[in-house]
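Engineer: So that we are looking at the same thing, I have put the structure below in structure tokens.
The values are calculated or read from the model by the stated rules, or taken from the named source; none is laboratory data. Quick caveat, the model's predicted, so the values are computed rather than measured. Glycine gets a Cβ as well: all are built from the backbone with ideal geometry, and neighbour counts include every protein chain shown. Side chains included, ligands, DNA and RNA excluded: accessible areas come from the protein's heavy atoms. Shrake-Rupley method; radii C 1.70, N 1.55, O 1.52, S 1.80 Å.
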Amino acid sequence: MPGVELKVMDKLKEKQHAITTVESCTGGRIADLLTNVGGAAQVYWGSVVTYDGSLKSDWGVPAGSIKDIGTVTEQVAGEMAAAGLKRMIDGYNREKECSDLAEPKGFICVSSTGFAGGAPTPDLSGTCYLGIATSSMNGPVVKKVHADGDSREHRVQHKDYFAEQALQMVMEHL
């Protein structure tokens, strides 16, 4: 049975949409799943793993958000998705003659921030905020997901679960 990443890539190609990821707790796992599908270069723009707050800020998340509320919040997940979408659209429009993308009709950015392992408190263990922003939406949408089990022992499984949930979210918005 095909994984959700194959369904996402097929739908992106069908709708001629391009996608990028701005990841934290998934550590590039969403990007890995997408680029495991043949023909990804037609719709996949790229990604960044913004693990540290300073890189999130460098990528467009307001420093005030990070200082005031922290990096693992609904607001920051939305700001990551919105910032990634803006970077992708601006970058593509500025350098489209260098792009392998098949002239996108729409743009999507998905983001992740959470605790796949080592949360500061037990109640936050396995918590992730997933954000999505598209060129056809008025602002990002954020979803909170939770993975069961001690995040210190199940870090990789949590990252996989969060990445799959992110791709399910993309399917819902295509």
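Engineer: Working from Cα positions, state the angle (0 to 90°, nearest 10) between the long axis of helix 74-95 and the longest principal axis of the chain.
Structural biologist: Helix 74-95 and the main axis of the chain meet at about 30 degrees.
Engineer: Relative to the first principal axis of the alpha-carbon coordinates of the chain, what is the inclination of helix 155-172, with its axis defined by its Cα atoms, in degrees from 0 to 90 and to the nearest 10?
Structural biologist: 40
Engineer: For K105, which lysines qualify as cross-link partners when the Cα separation must be under 20 Å and same-chain residues fewer than eight apart are set aside?
Structural biologist: Leaving aside lysines fewer than 8 places away in the same chain, those within reach of K105 are K7, K11, K13, K15, K86, K96.
Engineer: If you don't mind, another one. Just for the chain, what percent of DSSP beta bridges are antiparallel, to the closest 5?
Structural biologist: Among the beta bridges of the chain, antiparallel pairing accounts for roughly 50 percent.
Engineer: Quick check: residue separation of Y51 and E95 times 0.36 nm, minus the Cα distance between them. What number comes out in nm?
Structural biologist: 13.2 nm
Engineer: Give me the angle, in degrees from 0 to 90, between the Cα long axis of helix 4-15 and the longest principal axis of the Cα atoms of the chain, rounded to the nearest 10.
Structural biologist: Here the helix axis deviates by roughly 30 degrees.
Engineer: Just the number please: accessible area per residue for the chain, 1.4 Å probe, all protein chains included, in Å².
Structural biologist: Heavy-atom SASA per residue in the chain reads 48 Å².
Engineer: Further question on the same structure: Taking square-rooted eigenvalues a ≥ b ≥ c of the alpha carbon gyration tensor, is region 127-172 rounded, prolate or oblate, where a/c under 1.5 means rounded and, failing that, a/b exceeding b/c means prolate?
Structural biologist: The shape class here is prolate.
Engineer: Normalised by the residues of region 91-149, what does the relative contact order come to in percent, with Cα pairs under 8 Å and at least six apart?
Structural biologist: For region 91-149, the relative contact order is 27 percent.
Engineer: Using only the Cα atoms of the chain, build the gyration tensor, take square roots of its eigenvalues as a ≥ b ≥ c, and label the shape rounded, prolate or oblate: rounded if a/c is under 1.5, else prolate if a/b is larger than b/c, else oblate.
Structural biologist: Here the chain falls in the oblate category.
Engineer: Check G46: other-chain or 5+ apart residues with amide H under 5 Å from its amide H, H built from backbone geometry?
Structural biologist: Correct list: T21.
Engineer: Add +1 for every Lys or Arg and -1 for every Asp or Glu among the other residues with Cβ under 15 Å from the Cβ of W59, and state the total.
Structural biologist: My count for the surroundings of W59 gives -2.
Engineer: I would also like to ask the following. Excluding V43 itself, what net charge comes from residues whose Cβ is under 15 Å from its Cβ, given Lys and Arg +1 and Asp and Glu -1?
Structural biologist: Summing Lys and Arg as +1 and Asp and Glu as -1 gives +1.
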